[in-house]
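Trainee: So that we are looking at the same thing, I have put the structure below in structure tokens.
Please treat every number below as a calculation from the coordinates, not as lab data. None of the values given here were measured: they were computed from a predicted structure. Cβ placement follows ideal geometry from the backbone for every residue including glycine, while neighbour counts extend to all protein chains displayed.
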Amino acid sequence: MKVLSVIILCCLAHTALAQDAMRGAVKKGSLHWYVKLAGDYHFNENDTGPSVDNEPESGGFRRQEDLLTAKDAIGSRIGIGLQRITRYRMFFLLRSDVKFLRHSLLLNYKAAENGYPGSSYTLQERYNFTEYALNLHLAMGYSLLVAHGKGAVDFAMGANLHIPVVGESNKGELIHGQTNNNSPYQDAIMYVQTGWGDQKPHGNTDGAYIPINVLADFQVAYTFNQPAVFSDRKLRIGLDLGVAGEGNYLNTVEVTTIRANRETGNKYKFKDLHLSLGFFVAVEI
Amino acid sequence: MNAKTPVLVCLLLLGTTVACNDKDYKAYYKSAEITVTDLFSQQVVQPKDTVSHNNLQLRVQLTKERHLVTNNMWAGNAAYATSRDRNRVTIIEKVKNIKLITLNDYNSNFKAGDDIMDSCYINNVYRNDERGLISSMNEQTYGDVYDYEISELGMFEFKIEARPDAATIQRFALVFETEAGSAFTDTTISFIVKP
């Protein structure tokens, strides 16, 4: 229901803007609607690691660098959009995509590197979650005619409002492990919070928070003005590059290690930078 | 439809999501620090000091580690709202049992290694028995947003009712066992208890 509401909202926005654009289309240029399919490769390698707000190797202990790692992920998008081209070949792009993206994180805990010297205890756990988000793109650029007007190379840059529409949090979990086989007791070894999607970031104490990531968006595309396969409908193919602005992290997984005697250890985070390179195909409708 | 319509619809959607909620904290006990006090002199007993059994009191200071948990941010929650001025602290590692272990022979009934907790009188603001204390430690608490310890159990005292047979050096270990099979402990200094 939430997803449907957001999609309806976007359609209304599209319709209103399209009407405004069409009123002046004859004088000022052309307007083109597209449907689009896209696949994105997400670079997640640099999205995990020890938090910078914890001192490295504090208390004389080594810090396990690879405790939390994230695999690169492949997402997909479907959407509609419009391109308004002026007579000076400047253009504006407005499009909305529904995005699906599955993340996979690996927790690889080694007690010996987290305050229990000599312990052979290890723990592996995988966290998977699928993100559903609505992307609203607004971009402007220049369309360079090539091949005697049969094609055009488009360069565009703009902003992408990444709005997750579902999410989940485990609300905090204390994990225990038998770090000493001779002890009758287990040890509390980690506190883990997994939160993703439309979740307020951990530690955010403000009551108000809007679940929108503002991503920078770059696009290079080639437009076939008269492709043979779609009976004179335009065809665009190209690449999208996106990255989050600093401080906009909604997908957060936090792991706080706990050393012997319950001393707080290091904090590890997965913060999704949304760094992605996408390939898209769009057909005029 | 004009261009204002999407803005109005957007405002309507945002408006429907506004609500109030508590700030949710998840907490676990990080430590329990035990000190020996002399009720007569109102002083903390130092190692090798002597204290009369009647004036012997053990004081336990509890500390917790708290983490603010995430909130969902769409309809039916309060992500957009101004939070209610209240914090809710939920203990995620429940205490199951409390032991006071005598590390030296205490009297003829309690030898070294025995649990003497059943012979203790617990003094906390909630209930004066072990079950009551455990219940107090595990319960969800609420506090004012500016002072969320206002209703939490942070400290309690207890007295050992059993008398030692003679003036002997004593040392105790306090063990809080949890339902997860873990424990957090502390031990007292070594001191002399007079019957």
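Trainee: How about region A:55-159: which trypsin sites (Lys or Arg not before Pro) there are in a DSSP loop, with at most 16 other Cβ atoms within 10 Å of their Cβ?
Mentor: In loop regions of region A:55-159 (DSSP not H, G, I, E or B), the sparsely surrounded trypsin sites (Lys or Arg not before Pro) are A:Arg62, A:Lys71, A:Arg87, A:Arg89, A:Lys150.
Trainee: Residue by residue, what Karplus-based ³J(HN,Hα) values in Hz, rounded to whole numbers, does region B:104-120 have, using 6.51, -1.76 and 1.60 with θ = phi - 60° and x for Gly and Pro?
Mentor: 10, 4, 9, 8, 5, 8, 10, 8, 4, x, 7, 8, 9, 4, 5, 9, 10
Trainee: Also, I was wondering about something else. Averaged over its residues, how many other protein chain Cβ atoms are within 10 Å of peptide B:26-34's Cβ atoms?
Mentor: 3
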